[in-house]
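The values are calculated or read from the model by the stated rules, or taken from the named source; none is laboratory data. Computed from a prediction, not measured in an experiment: that's the story for all the values here. Don't worry about glycine lacking a Cβ; one is built from the backbone with ideal geometry, like all the others, and counts go over all protein chains shown. Accessible surface areas use protein heavy atoms only, side chains included; no ligands, DNA or RNA. Shrake-Rupley method; radii C 1.70, N 1.55, O 1.52, S 1.80 Å.
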Amino acid sequence: MTADATRPAAPDATRPADPDATTPTTAPETTAPETTAPETGLPTTPKTGPGVRDGAFWAWTAGGLVVVFALAALTRYLEQGVPEWFAGTSVEDLAAAVEYPVYAILLGLLGNVVVTVTGIRDRIAAAFRTEFFIKTGLVLLGASINLSVIASAAGPAIAQAILLISAVFLFTWWLAGRFGLDDRLRALLASAVSICGVSAAIAAAGAVRARREQLAYTASLVILFALPSIFILPWLADVFGLSPAVAGAWIGGNIDTTAAVTAAGALAGEETLQIASIVKVTQNALMGVVAVALTAYFAYKVDRTAGSARPGAGELWRRFPKFVLGFIAASVIATIYLQNAGSDGRAVIGVVNDLRTWFLILAFVSIGLEFRVSSLREAGWRPIAVFASATVFNLVVALALASLLFRDFAG
């Protein structure tokens, strides 16, 4: 950012002020540069904005929260209402398949345009608590992972998850490097396409300290590719004549969001849905392992300067996205609870899952509100090419593994 000739400390007058910028301003007593959250590595929103005093800051923040929660409520309304509105029509299946992340990000982007045009975006930006919403939603996501269910298909499901994640992650990482992508964006793309879409990208973003724009870009790609997969994969499974178990393992190993896996599995049949859900949940459970590996890799290799001391355990702990531990703990607690509570416990887990959906909706809305078109221009077409190529690679490898590991499976 260049300085004005007569006012050296002033922002560049040729473009709007960027709340993500870290350049000091001339009013340190009323402004605060963006910092990095120690647990996730994601940038945190400034506590104050240019020229905003304490009282006005809290008033604008409260107004921003109203915007975020209103868009979240509208998202939930559309998610539940659209399938009913189009029931019995030619687009019934499509309407039922569109998930809340689509509505949330689109509404967030629309809201972004409105608050930018009206000039209040920077004033209410402190309400876009993406980091908090994401961490809370992912911890609650752990409650949906019943470890005893994974154990029921431990052999083939775990084997496929480990082999598929390893192969697809390494291929995507290599290809993104060949395309010259930034290492942090490489990590987000590789995690998203190989594990569980947006959730994995969020965990990776914390481990590698990716920029918020990179996370928003990756989340958009996940949704863009997941939606058509809901219809294409069940159709291809029928064309290929796959057994329900193989089809389920293929669908669960490919589609990048759990809700989309459920929708595709339901289209293919009940047995296919069961296997697809188990395979996807097994992959989700490995998200923490990948977060640990990425934390260590970026600490020892990417972010380490020549001649600097080797990072110790304390540095790894400081960088590690600790909400992953909450994710694991929630999974263990939910598993033990379900074993003791029986069928009555499912209603409680259902409430937790609904709360998780609310927090993730708030996160996606905030991502849309924070998104900047400049990040798309900066990234260009290369991430799309990488993600598309990795998706095709994932399809081929997952089909081979599913055919090998689940051909004689009997649930």
Considering region 58-103, residues that are without any contact (Cβ under 8 Å) to a residue 60 or more places away in the chain and polar (S, T, N, Q), and then whichever is least open to solvent (accessible area, probe 1.4 Å), we arrive at Thr89
The condition of being of a type in the set (Val, Ile, Thr), assigned to a helix (DSSP H, G or I) and at pLDDT 80 or above holds, among Ile232, Ile223, only for Ile232
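Yes or no, residue by residue, for (1) basic (Lys, Arg); (2) assigned to a helix (DSSP H, G or I); (3) more than 19 Å from the chain's Cα centre (by Cα):
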site: Arg76; (1), (2), (3): yes, yes, no
site: Gly81; (1), (2), (3): no, yes, yes
site: Ala87; (1), (2), (3): no, no, yes
site: Asp93; (1), (2), (3): no, yes, yes
site: Leu106; (1), (2), (3): no, yes, no
Pairs returned, first residue in region 334-360 that is on the phi > 0 side of the Ramachandran plot and modelled with pLDDT under 85, second residue that is open to solvent by 40 Å² or more (accessible area, probe 1.4 Å) and part of a helix (DSSP H, G or I), beta-carbon separation under 6 angstrom, 6 or more apart or interchain, are none
**So Ala263, is it within 19 Å of the chain's Cα centre (by Cα) and more than 27 Å from Ala187 (Cβ to Cβ)** = yes
Scanning region 199-220 residue by residue, the ones that are surrounded by fewer than 24 Cβ atoms within 10 Å (Cβ to Cβ), in a loop (DSSP other than H, G, I, E, B) and not basic (Lys, Arg) total 0
When region 278-301 is checked residue by residue, the ones that are open to solvent by 40 Å² or more (accessible area, probe 1.4 Å) and part of a helix (DSSP H, G or I) are Val289, Val292, Ala293, Tyr297, Tyr300, Lys301
